[in-house]
Amino acid sequence: MVSRHSAGARRIPPSSSERISLMPRLARSVENVPHSRIRELAEIAMSMDGVLRLYFGESNLPTPDYIKQAAIRALRDGFTFYTENAGLPSLRRAIAENYRRLHSVDLDPLSEIVVTASGVQALNMGIRCALDPGDQALVLTPAWPNGASSVMLANAAVCQVPHPLSGQRYRIDFEALEAARSPRTRLLIYTSPSNPLGWVATQEDQRRLLDFARRHDLWLLADEVYDRLFYAGARLGDPVPSILRLATRDDAVMVVHSFSKSYCMTGWRVGWLVARRDLAAKATQLNEFIISHAPSFAQKAGETALAEGEGPLVEMLERLKRNRDLCLDSLSGIPGVTVPRPDGAFYLFPRIQGLADSFAFCKRLLEETRVGLAPGVAFGAGGEGSVRICYAAERSILEPAMERLTKFLRGSAA
Ligand SMILES: Cc1ncc(COP(=O)(O)O)c(C=O)c1O
């Protein structure tokens with residue numbers, strides 16, 4: 001054995017079995033985190049040519065030019081240095097102003113908002129601040145897997161509580177939530193609008209979730225990254241009402257948000273966390289050790305997105321709504337396929353009768369038709385038996401993809 005370090009005391013070399021037992025292993029908390037099955041499917045797809053990609057949660061539209069120009073201006077204006085751990089005060093003020101305008105919620109930008117380097121970092125940070133090793137988090141599923149994986153990274157346990165489908169609408173199973181809670185439970189995570197369901201919590205749902213969290217002394221984490229992608233408001237552009245409308249500033253509530261989805265900024269990595277002051281202060285402090293802060297010029301571009309983004313957002317929503325309806329129409333009437341009409345986000349989650357292995361189904365679909373979807377199994381309890389279609393793609397991709405998918409489904413049913 002060649003030592004990298006020749007100095008120091010000479011030791012007798014260990015036998016091979018000793019060598020293995022002395023070898024440091026990876027931490028169990030990281031070894032146990034499962035791979036993303038969406039990514040697994042995507043990696044097969046990326047090795048193939050001509051795939052119509054509907055597996056990731058993003059459109060193929062570039063970030064709008066007014067946002068790119070804002071980033072270029074910011075670079076020219078010198079936003080190339082470190083910023084505050086909680087993000088630029090000007091961006092935090094813009095986010096607070098946005099909550100005032102959209103939700104009539106009053107937030108203190110300096111103590112209740114932390115800018116993060118993406119929604120997923122906000123999610124990870126919020127979870128990290130709420131859980132100790134050995135605690136348990138309840139997660140409403142099917143859900144984007146990153147919440148549950150972040151719980152595992154915090155050395156805590158995940159208990160998934162599936163949304164049952166009643167007729168054409170998903171709902172929350174409050175009895176199952178009560179039954180799943182244990183003395184170790186410290187956190188409840190839900191996503192509205194939901195990825196992958198497109199389901200949107202009603203105000204009554206939110207009231208009951210808040211009541212459940214208050215009664216059992218839990219943190220309530222609401223992932224609201226899709227709140228602007230809502231098709232059932234009085235007007236397109238009206239957001240899904242935030243849980244912050246119901247919570248007081250002393251409630252143990254956190255909201256995770258992001259610029260990625262509403263402004264086509266997935267690659268920019270900017271998001272935010274709204275939380276009770278003590279948690280926001282701790283998240284700010286921890287940011288120093290994790291990412292320090294989101295990129296300075298990207299934060300400035302985020303400010304412009306909030307200030308000038310309403311018109312382009314409504315145009316995008318009109319396009320997304322038409323896409324949703326196209327996909328719903330193409331799937332309607334296919335024997336054995338049930339697809340609840342989603343009110344938010346940009347996903348359909350059709351359930352396919354008799355489907356027991358959604359990964360194998362998606363792989364076969366990919367190989368035989370070059371259409372890439374995300375397997376329902378990737379989204380945890382309640383997800384197997386379905387597939388997720390992201391309908392944010394351009395029509396030139398979506399239309400042929402839906403044609404091939406429906407043909408494949410009719411062929412499989414025959
Ligand atoms: C439910 C949900 N939350 C959070 C995110 C994180 O978005 P980002 O990290 O790009 O800001 C996503 C992205 O797909 C999501 O679907």
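We did not get these values from a lab; they are worked out from the coordinates using the rules stated. Keep in mind the model is a prediction, meaning the values are calculated, not measured. Reconstructed Cβ throughout: ideal geometry from the backbone, glycine too, with neighbour counts over all protein chains shown.
Things to note:
- Given charges at beta-carbon only (K, R positive; D, E negative), |dipole| of region 236-371 in Debye: 220 debye
- Point-to-point label distance, GLU204-ARG169, nm (Cα→Cβ direction, 7 Å offset): 0.7 nm
- Based on C-alpha pairs under 8 angstrom that are at least 6 apart in sequence, the chain has a relative contact order of 24 percent.
- Distance from region 160-179 to region 46-114 (C-alpha centre basis), Å: 33 Å
- Legend: calculated FRET efficiency, PHE289 to PHE408, from the Cβ-Cβ distance at R0 = 45 Å, rounded to 0.05, equals 0.40.
- Model label zone, GLU58; criterion: amide N under 19 Å from point 7 Å along Cα-to-beta-carbon; scope region 301-323: 301-303, 305-306, 313, 316-317, 320
- For a label point 7 Å along the Cα-to-beta-carbon line of SER104, residues of region 169-205 with backbone N under 18 Å: 203-204
- For region 291-414, the relative contact order works out to 23 percent when only alpha carbon pairs closer than 8 Å and six or more residues apart are counted.
- Top positive-direction residue, dipole computed over region 59-151 with Cβ charges, set ASN60, LEU123, ILE113: ASN60
- Dipole magnitude (debye, nearest 20) for the chain, charges at Cβ of Lys, Arg, Asp, Glu: 740 debye
- Proximal lysines relative to LYS300, as straight alpha-carbon distance under 20 Å, when same-chain residues fewer than 8 apart are discounted: LYS68, LYS261
- Stretching GLU315 away from SER396 to a fully extended chain increases their span by 27.4 nm, per 0.36 nm per residue minus the current alpha-carbon distance.
- Taking 0.36 nm per residue of separation and subtracting the Cα-Cα distance, full extension of the segment from ASP357 to ALA307 would add 13.5 nm.
- Dipole moment magnitude, nearest 20 debye, region 128-283 about Cα centre, only Lys, Arg, Asp, Glu C-beta charged: 300 debye
- VAL33 versus ARG277: modelled label distance in nm, points set 7 Å from Cα along the beta carbon direction: 3.3 nm
- Distant-in-sequence amide contacts of THR185, defined by a placed amide H-H separation under 5 Å and a gap of 5 or more residues or a different chain, comprise GLN136.
- GLU40 versus ARG341: modelled label distance in nm, points set 7 Å from Cα along the beta carbon direction: 3.6 nm
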